[in-house]
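Please read the structure below before turning to the comments.
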Ligand SMILES: Cc1cc2nc3c(=O)[nH]c(=O)nc-3n(C[C@H](O)[C@H](O)[C@H](O)COP(=O)(O)O)c2cc1C
Ligand code: SF4
Ligand code: SF4
């Protein structure tokens, strides 16, 4: 049962990197509860009452995913200790600064901000990282998750700059472009209309038709559908047909269905 003294972990994840770290964090903190932001955001009232609240999310264009930002803006938060952890492929830019600013506008502090290196998942742009790079980054992810768990467990405080003008600009451009990019997702003739993409989509942005998925503007660009499709039947933009796919090797599509509350 949830009590004020139970730490709460709120996460958003497309391809499982953040989900993996959130689960590890919960194990390490012992009595922590884990909540998918994609499900919580649909509640009519968002009320967080906890000894400690930890927000975990991937970096998107040097900022936070739009859904995570909305969640932080909307939630009524009563917690003695607040932490944010960003999972990223190359550089998280000002993602943590963005969280600090959003919380700051609500007169809330950010006690601890941490970075968790992970495998890059924006494969239509960057391609799939080589096996040895993935192995190295998976090890870095495990180590950084462990370190962050230790810091949060002992209620460590650190500081993060809130002034990151270049990142703020890139993040704002991404927020503007995001709903306009949905038409770049295309299903190919390989689609069997199995429905997995619609179930895994954390934004509820896929409508199933007998022919296959139709993508809606609510898309967060998380890349889950493209990477988990068992037929590799989803493409994005000018992605080459032989481009590989990635998701965290220890996170299955079934585990992520949880995200949608389906
Ligand atoms: C739309 C989009 C934008 C991204 N932007 C960044 C970025 O600015 N910096 C970065 O280091 N990684 C970026 N990434 C990579 C992800 O942050 C990284 O792979 C993360 O671990 C994915 O987490 P997930 O598997 O929980 O979704 C981006 C990925 C996507 C899909
Ligand atoms: S997961 Fe792939 S095969 Fe299944 S409906 Fe979606 S696009 Fe089609
Ligand atoms: S449509 Fe695909 S990329 Fe967009 S939010 Fe849903 S799963 Fe993610």
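Only strands (runs of 3 or more DSSP E) whose full extent lies in segment 183-246 are considered here, and the ones with at least 1 residues that are away from ligand 1 (no atom under 16 Å from the Cβ) are 185-187, 206-209, 212-215.
Could you check, for segment 173-188, whether at least one of its residues is free of Cβ contacts under 8 Å to residues at least 40 places away in the same chain, within 20 Å of residue 126 (Cβ to Cβ), away from ligand 2 (no atom under 15 Å from the Cβ) and surrounded by fewer than 16 Cβ atoms within 10 Å (Cβ to Cβ)? Scanning segment 173-188, I find at least one residue that is free of Cβ contacts under 8 Å to residues at least 40 places away in the same chain, within 20 Å of residue 126 (Cβ to Cβ), away from ligand 2 (no atom under 15 Å from the Cβ) and surrounded by fewer than 16 Cβ atoms within 10 Å (Cβ to Cβ), so the answer is yes. If you check residue 87 against the conditions, is it assigned to a strand (DSSP E or B), away from ligand 2 (no atom under 16 Å from the Cβ) and closer than 21 Å to residue 19 by Cα? In short, yes.
In segment 1-26, of all residues being out of contact with any strand residue (DSSP E or B) (no Cβ under 8 Å at 6 or more places or on another chain) and at pLDDT below 95, the one that is farthest from residue 84 (Cα to Cα) corresponds to 1.
For segment 205-212, state whether one or more residues are surrounded by fewer than 16 Cβ atoms within 10 Å (Cβ to Cβ), in contact (Cβ under 8 Å) with a residue 40 or more places away in the chain and near ligand 2 (Cβ under 10 Å from one of its atoms).
Step one: filter segment 205-212 for residues surrounded by fewer than 16 Cβ atoms within 10 Å (Cβ to Cβ), giving 207-211.
Subset that is in contact (Cβ under 8 Å) with a residue 40 or more places away in the chain: none.
Checking segment 205-212: not a single residue is surrounded by fewer than 16 Cβ atoms within 10 Å (Cβ to Cβ), in contact (Cβ under 8 Å) with a residue 40 or more places away in the chain and near ligand 2 (Cβ under 10 Å from one of its atoms).
Among the residues of segment 95-114, is any over 16 Å from the mean Cα position of the chain (by Cα), on the phi > 0 side of the Ramachandran plot and in a loop (DSSP other than H, G, I, E, B)? There is at least one residue in segment 95-114 that is over 16 Å from the mean Cα position of the chain (by Cα), on the phi > 0 side of the Ramachandran plot and in a loop (DSSP other than H, G, I, E, B).
Residues of segment 157-175 include none that is more than 20 Å from the chain's Cα centre (by Cα), in a loop (DSSP other than H, G, I, E, B) and outside the structural domain of residue 37 (by TED's automatic domain parsing).
The values are calculated or read from the model by the stated rules, or taken from the named source; none is laboratory data. From a predicted model like this one, the values you see are computed outputs, not experimental measurements. Cβ atoms come from the backbone with ideal geometry, glycine included; neighbour counts cover every protein chain shown.
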